[in-house]
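Notes for the one structure printed next.
The values are calculated or read from the model by the stated rules, or taken from the named source; none is laboratory data. As the structure is a prediction and not an experimental result, all values here were calculated from the model. Don't worry about glycine lacking a Cβ; one is built from the backbone with ideal geometry, like all the others, and counts go over all protein chains shown.
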Amino acid sequence: MHEPQSALDFARQHRGAALEDLKEFLRIPSISTLPEHKPDLVRASNWVADQLRQLGLEPVEVLPTAGHPVVYGEWLKSGDSAPTVLVYGHYDVQPVDPLKLWESPPFEPAIRGEDIFARGASDMKGQIVAQLKAAEALVRTSGLPVNLKFMIEGEEEIGSPNLGAFIEQQRTKLACDFCLNLDAGVLGPDVPSLTLALRGLAYFEVRIQGPAGDLHSGTFGGAVENPANVLARLIAGMHDAAGRVALPGFYDHVRPMTERDRADLAQLPQAEAWWMEQSATKALGGEAGFTATERATSRPTLDVNGMLSGFTGAGSKTVLPAKAMAKISTRLVPDQRPEQVHKSLIEYMRRSAPPTVDWEVEILAGAIPGIIDRDAPEVQTAAKALEGAWGKPAVYKREGGTVPVVGMIQELLGVNSLLLGFGLPDDNLHAPNEKFHLPNFYRGIETLIRFLAALPA
């Protein structure tokens, strides 16, 4: 890979300015879920728009949605033969509760050691500023050799409820060769990593109804079916003895892992002991025949996220509850889809629920899995860029979580997303004392410079 030396030198000489811009961005309390912060969301969107204008993008627009606006800007000065990259990010952040656990004010950036602490530092204002500074270094020196389009939203932390409609309305404007999604991370400060796949999601509420109202368990117990007992039996039957999900047809569309997939995951610094330490558990469980890393990142799952029935207060109350409810999530892998899993769960309930109760299943959320070919040119270019910045080869990983925008872009724009970010597993995302490792911030800028400079080749 040819070294874009002048741009790298520029970035290194302007690290102080990059850090000051990051601090300025972090001071804006752009909490998307709290209505009182709506003016701050406007401030944050305008801040991003101003940065894009200073880079020379034209046009730059703050486009309204039914919720918070999307910032759009484009650099199409590199010609039709150059690749066009859609850069995705979000300027909104999570709430800060519980405030008393923060060691410094969440919207007053503080540097301790090699980390900068503030809400949004890693998720994901630091990543956005890294991209802005990489583009700036190229624009001010050797030139930006690719076409860029920026789509920076303000609702990711509340599930991007209006982004799908926005993308659909703006399909022509957002047309690109692939999406660069900065909302990602590496496995460790010295472990450059690329995420090749994300799991999807299908989330359900299962409701069981028995008698019209709660009954005395002494009077009616044994004669009337208890909905809580029924729900417990149904949930127990959703897995077999080997830890596999027992819904009919659940695995019909699961893409098998290849030997190279398994070899990539085996190289990661995530042995069984790592998973036990991270989860603070004394033993691991799950589907037989797979490692913990494979189970947590590359195999489909079904989990109960919450249950409610009957009396749950202090002391005792001998009640036979009228109804019971469970929240159930399934994590999906390529090529599963939420609607297929919904059908599987309905069929399981038809086969397994007794006639003594009524039941219903409601799907509350869904997102398709995301995957990108390890051999895709943008993936290999990113791997070489990471190696250039870190001085060691990048490893390939998969994530067990879900990023809905990846599926949206795949379905609505017909392109894949490259997940290239620099956060760390211990950055306290969504928790007090969120941080961003400053060496990763600077290496992230240099990675993105190398990546953008090499893409046309």
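Listing for the model above:
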| item | result |
| --- | --- |
| Residues being loosely packed, with under 14 Cβ neighbours inside 10 Å and within 23 Å of the chain's Cα centre (by Cα) - total across the range 40-83 | 1 |
| All positions within the range 406-423 that are in contact with a Phe, Trp or Tyr (Cβ under 9 Å, 6 or more places away or on another chain) and either outside any helix (DSSP H, G or I) or surrounded by fewer than 23 Cβ atoms within 10 Å (Cβ to Cβ) (or both) | Val415, Asn416, Ser417, Leu418, Leu420, Phe422, Gly423 |
| Single condition Leu302 does not satisfy, out of (1) modelled with pLDDT of 95 or more; (2) touching a helix residue (DSSP H, G or I) at 6+ places or on another chain (Cβ under 8 Å) | (2) |
| Elements of type strands (runs of 3 or more DSSP E) in the range 132-228, at least 1 residues being on the phi < 0 side of the Ramachandran plot and of a type in the set (Asp, Glu) | 147-153, 200-209 |
| Unmet criterion (only one of (1) touching a strand residue (DSSP E or B) at 6+ places or on another chain (Cβ under 6 Å); (2) surrounded by 19 or more Cβ atoms within 10 Å (Cβ to Cβ); (3) more than 30 Å from Leu187 (Cα to Cα); (4) of a type in the set (Gly, Ala, Ser)) for Ser344 | (1) |
| Output for the range 179-192, where each listed residue is within 18 Å of the chain's Cα centre (by Cα) and hydrophobic (A, V, I, L, M, F, W, C) | Cys179, Leu180, Leu182, Ala184, Val186, Leu187 |
| Verdict on Ile31 being surrounded by 22 or more Cβ atoms within 10 Å (Cβ to Cβ), of a type in the set (A, V, I, L, M, F, W, C) and at negative phi | yes |
| Helices (runs of 4 or more DSSP H) wholly inside the range 285-393 that include at least 1 residues being free of Cβ contacts under 8 Å to residues at least 24 places away in the same chain and over 30 Å from Ile445 (Cα atoms) | 292-297, 338-352 |
| Test: Glu153 is within 19 Å of the chain's Cα centre (by Cα) and among the acidic types (Asp, Glu) | yes |
| Any hit, the range 98-107, residues being in the same structural domain as Glu446 (by TED's automatic domain parsing), in contact (Cβ under 8 Å) with a residue 40 or more places away in the chain, crowded, with 19+ Cβ neighbours inside 10 Å and closer than 28 Å to Ala165 by Cβ | no |
| Residue check for Ser30: at pLDDT 95 or above and farther than 21 Å from Leu448 by Cα | yes |
| Count of the range 73-123 residues which are closer than 10 Å to Glu434 by Cα and either hydroxyl-bearing (Ser, Thr, Tyr) or in a strand (DSSP E or B) (or both) | 4 |
| Residues within the range 293-318 that are surrounded by 18 or more Cβ atoms within 10 Å (Cβ to Cβ) and β-branched (Val, Ile, Thr), tallied | 3 |
| Any hit, the range 285-295, residues being under 19 Å from Glu205 (Cβ atoms) and either in the same structural domain as Gly400 (by TED's automatic domain parsing) or under 18 Å from the mean Cα position of the chain (by Cα) (or both) | no |
| Matching residues, the range 108-136, being more than 16 Å from Ala44 (Cβ to Cβ) and either touching a helix residue (DSSP H, G or I) at 6+ places or on another chain (Cβ under 8 Å) or outside the structural domain of Asn416 (by TED's automatic domain parsing) (or both) | Ile111, Glu114, Asp115, Ile116, Ala130, Lys133, Ala134, Ala135, Glu136 |
| Some residue of the range 246-261 being modelled with pLDDT of 95 or more, under 23 Å from Ser316 (Cβ atoms) and not charged (D, E, K, R) | no |
| Condition check for Val129: surrounded by 23 or more Cβ atoms within 10 Å (Cβ to Cβ), at pLDDT 95 or above and either acidic (Asp, Glu) or closer than 14 Å to Leu448 by Cα (or both) | yes |
| Qualifying residue in the range 66-78 (condition: modelled with pLDDT under 95 and assigned by TED's automatic domain parsing to the domain that holds Ala389) | yes |
